[in-house]
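Since the structure comes first, as structure tokens, the remarks are kept for the end.
The values are calculated or read from the model by the stated rules, or taken from the named source; none is laboratory data. Everything numeric here is computed off the predicted structure, so don't read it as measured data. Here the Cβ is made from the backbone with ideal geometry for all residues, glycine too, and neighbour counts use every protein chain on show. These area figures cover heavy atoms from the full protein model, side chains too; ligands, DNA and RNA do not enter into them. Shrake-Rupley method; radii C 1.70, N 1.55, O 1.52, S 1.80 Å.
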Amino acid sequence: IYSATGWQTLAPAGAGGLAFIMQYLDDFDSAILDSQSKGELFLKLSTGRMTSLDQASLTSWLEELKQLPNRAQFWTPSLSKDLFKLAQLNPDNPQLANSCIELALTESYPDMFADAIDAAYAQSSSQRGTSCAVVLNSYPLPQRIIAMNDSREVVRLATVHSLLSLGEPAIDALIDALADESMSGVHSALIALGDLSAASAITLMSDFVAIDFDDTTRSIALQAISEIGEVESLALFRDAAQDLSPAVRI
């Protein structure tokens, strides 16, 4: 119980672990060491040591770190890098991997955005979208715009969904997403623009109602345009009501 609880979880097996515990025992047991200093020491000792822990010990240690009230004050890029690496190494344990990602995002370092996305994408196919959303929602618009050009469709789709939460400032990025190579990406962008009532995008959105596109795309475009509710769209709907496609007419 002792070796799996608290800061001593970081101790390696054998004599090295005993030496580690004895080295810091006085510090952690000292009444002189206040909670702030203890938190700083927790994080300092974590750097480079978490990657050697087994899953049970790592889970225990992450809980210790989550409970630190002053964690953000002493957080470092090295800690985030270690945790993103651990998330990639543990895709078989979604709960542990997600804990690593969430804790790594204690600080959202711009130059570590690619590491964060890679860690999220390394998760199982059923978990990737959710993990990517966690990462994207922790970063501002500039990083999300970068993700719009990611080669992985899952990342791009998660980015479109995350842009919706930013409101009007994200409209230009969503308009750019209409050029996505995946029709799923185009559909998501159309729906998001409709939800944001992006009147400035109506002309471009109207292009997707053309006969060149499949019925699903045309219907989604019409529905999104209807959400915007601009009078100038009435002629478009009048024509669509006479379309040969039942789906488009509906």
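For this structure, a couple of remarks:
- Measuring only protein heavy atoms, the 1.4 Å probe finds Ser46 accessible over about 0 Å².
- Alpha-carbon centroids, segment 191-248 and segment 103-144: separation in whole Å: 33
- Modelled this way, with points 7 Å down the Cα-to-C-beta line, the labels at Thr130 and Met183 are 2.9 nm from one another.
- A straight chain from Asp214 to Asp172 at 0.36 nm per residue would run longer than the Cα-Cα distance by 12.6 nm.
- 3J(HN,Hα) couplings calculated from phi for segment 116-121 with the Karplus curve 6.51 cos²θ - 1.76 cosθ + 1.60 (θ = phi - 60°) are, in sequence order, 5, 5, 4, 5, 5, 5 Hz; Gly and Pro show x.
- Computed extension gain for Glu63 through Phe237, at 0.36 nm per residue and net of the alpha carbon distance, reaches 57.1 nm.
- To put it simply, the accessible area of the chain at a 1.4 Å probe is 54 percent carbon and sulfur.
- Taking the longest Cα principal axis of the chain as reference, the axis of helix 215-228 is set at about 80 degrees.
- Val231, Val209, ranked by accessible area, largest first (probe 1.4 Å): Val231, Val209
- Projected label distance in nm at Ala13 and Ser245, using a 7 Å step from Cα toward the beta-carbon: 6.2
- Helices in the chain, meaning DSSP H runs of at least 4 residues, each add -39500 (n - 2.57). Divided by all residues, the mean residue ellipticity at 222 nm is -17500 deg cm²/dmol.
- Potential extension, Ala199-Asn93 segment - 0.36 nm per residue separation minus Cα distance: 33.7 nm
- Reachable aspartates and glutamates from Lys44, criterion Cα separation under 14 angstrom, eight or more residues apart if same chain: Asp27, Glu64, Asp82
- Angle in degrees between helix 183-195 and the longest Cα principal axis of the chain, rounded to the nearest 10: 80
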